[in-house]
Amino acid sequence: MFIQRLPQHFNADPKKVILLYLDPGESDRLTRFAGFVENLSDAQADHLLAETATLFAHRHRRYNELLRFHAQTGMAALSSSPSFSEKQQLVFGSYLTKEYSVEAAALFNPSIVHHPDQSGLTPGETRFVLTMRSVGEGHISSIGFMEGVIDGSNVIRFTPQGPWRTAGTKVSHLVGEDDHYDIQFTEDIPLSERVIFPQAASESMGMEDLRMVRYEDEGETRYLGTYTAYNGKQIQSKMLETNDFKRFHIRNFKGSQVDNKGMAFFPRKIGGKYVMLSRQGGETCGIMQSDDYMTWNQKQLLQLPFRDFELVQIGNCGSPIETPEGWLMLTHHVGPMRRYTLGVTLLDLDHPHKVISILDKPLMEPLESEREGYVPNVLYTCGWMQHGDSILIPYAMSDVACGFATMNTSMMVDELLKHKK
């Protein structure tokens, strides 16, 4: 009745590879590499460079630049700096470099926002930025991007993607604050090529489930994203902020109530406060307030699991959407056999800690064709987007593919108002 699935979908693509530093581990291994390379003649270095470039150079935008950067990283770790020629330095860098397929294991949990550039569109069209959680070797999660346009008939066309993927460059870092850094992409790297790969110890095993929102504050527009940093043992909520999707500020949330995951900003201040949704205690949905958007010391319980299809846990699925009747909050529910479904809750516009209505059944649940994958029986998303009189929902199918659905906003609000609490 409410949901229409769209035909567009996309799968994980193992051909999306980036170049990463290959840590040699023991110092004697690095010394052995350096000694071998230092003894190469000019002709031998030429041969090795040409052989390696034939296999790898065409797969990366900044092949030589990254080999050189990795060589300098390795040289800085040596007790004495070797006297390398330019060619030898590139050969040394090739032994300290590896390809990493960002989507080799899984692709899931998309989030969507209005693109900062809405120029050149016809009436009824909206350009969007899609972010995805990509998982590769070692189950490390990174952040990928796609961009496209949806028209008035809900037909989606994606911006063509090139053959390369390029990780952002860490360009600044606060002394003593490993969790506070900036990532930069140059103008020549298209948005769909950009990959944000973990740079801090707290996220060494992944940057998970980014929830993006286009945030409006006193005439200023910026994009705020919350994600879960994972180091293999502990989780931590962090924030990603950008104005242009070229430079990203990575920051760590502070405060006594930042104790779980699934945080998502409301798209504007309410009552002069920043407001966020969160998953508290691992199973309930909460709401938080802050004066400065980085420090969170206030929270309230918002919604408890009480029905059969959500008894394991509930949580938000991204930032709420504002309507004249209240805030639409998209939720996820986990029931028997760890089956994930989506639901909707209507919150009071001026007092969002007050629940007006909860949809009495799941909005979306996995179809038979969407059940099989890396994590079976999971239908999940990290955000939705208003488009005309409808809402576009990108969603993941069992962690191996992503699709889209759409619903009429007014019809959903009317249905919720029929069942006011």
**OP:** Return the residue satisfying two criteria in turn: it lies in the stretch 121-136 and is of a type outside the set (A, V, I, L, M) and in contact with a Ser or Thr (Cβ under 7 Å, 6 or more places away or on another chain), and of such residues it is surrounded by the fewest Cβ atoms within 10 Å (Cβ to Cβ).
**Re:** GLY136
Original post:
Can you list the strands (runs of 3 or more DSSP E) found entirely within the stretch 152-231 that contain at least 1 residues being more than 30 Å from PHE404 (Cα to Cα) and assigned by TED's automatic domain parsing to the domain that holds PHE265?
Top reply: 169-173, 181-184
Subject >> Residue list for the stretch 268-286, filter: in contact (Cβ under 8 Å) with a residue 24 or more places away in the chain and in contact with a Phe, Trp or Tyr (Cβ under 6 Å, 6 or more places away or on another chain) >> reply: VAL275, MET276
Original post:
With PHE92, PHE56 as the choices, which residue is surrounded by fewer than 18 Cβ atoms within 10 Å (Cβ to Cβ) and farther than 30 Å from TYR340 by Cα?
Top reply: PHE56
Original post:
If you go through the stretch 193-208, how many residues are of a type in the set (S, T, N, Q) and surrounded by 19 or more Cβ atoms within 10 Å (Cβ to Cβ)?
Top reply: 1
**OP:** Scan the stretch 25-41 for residues that are of a type in the set (Asp, Glu) and surrounded by 10 or more Cβ atoms within 10 Å (Cβ to Cβ) and jot them down.
**Re:** GLU38
Original post:
Looking at this structure, is ALA104 surrounded by 13 or more Cβ atoms within 10 Å (Cβ to Cβ), in a loop (DSSP other than H, G, I, E, B) and touching a Gly at 6+ places or on another chain (Cβ under 6 Å)?
Top reply: yes
Original post:
In the stretch 354-380, what residues are outside any strand (DSSP E or B), surrounded by 15 or more Cβ atoms within 10 Å (Cβ to Cβ) and not charged (D, E, K, R)?
Top reply: LEU359, PRO362, LEU363, PRO366, GLY373, TYR374, PRO376, ASN377, VAL378
**OP:** Having 3 or more residues that are aromatic (Phe, Trp, Tyr), assigned by TED's automatic domain parsing to the domain that holds LYS170 and over 27 Å from SER141 (Cβ atoms) is the bar; report the helices (runs of 4 or more DSSP H) wholly within the stretch 7-101 that clear it.
**Re:** none
**OP:** Can you confirm whether the stretch 121-128 contains a residue that is under 30 Å from ASN252 (Cα atoms), within 14 Å of the chain's Cα centre (by Cα) and modelled with pLDDT of 95 or more?
**Re:** no
**OP:** Go over the candidates GLN184, GLN118, GLN161 one by one and state the one that is surrounded by fewer than 20 Cβ atoms within 10 Å (Cβ to Cβ), closer than 16 Å to ASP13 by Cβ and not hydrophobic (A, V, I, L, M, F, W, C).
**Re:** GLN161
Original post:
In the list GLY148, GLY176, which residue meets the criterion of being closer than 27 Å to HIS58 by Cβ, without any contact (Cβ under 8 Å) to a residue 24 or more places away in the chain and not polar (S, T, N, Q)?
Top reply: GLY148
**OP:** State yes or no: is HIS333 at pLDDT 95 or above, under 28 Å from LYS254 (Cα atoms) and touching a helix residue (DSSP H, G or I) at 6+ places or on another chain (Cβ under 6 Å)?
**Re:** yes
**OP:** Test ASP414 against the criterion of being touching a residue at least 60 places away in the same chain (Cβ under 8 Å), acidic (Asp, Glu) and not in a strand (DSSP E or B), and give yes or no.
**Re:** no
Original post:
How many of the residues making up the stretch 1-49 are over 30 Å from ASN154 (Cβ atoms) and among the polar types (S, T, N, Q)?
Top reply: 5
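The values are calculated or read from the model by the stated rules, or taken from the named source; none is laboratory data. Since the model is a prediction, treat every value here as computed from it, not as a measurement. Positions of Cβ are generated from backbone atoms using ideal geometry, with glycine treated the same way; all protein chains shown enter the neighbour counts.
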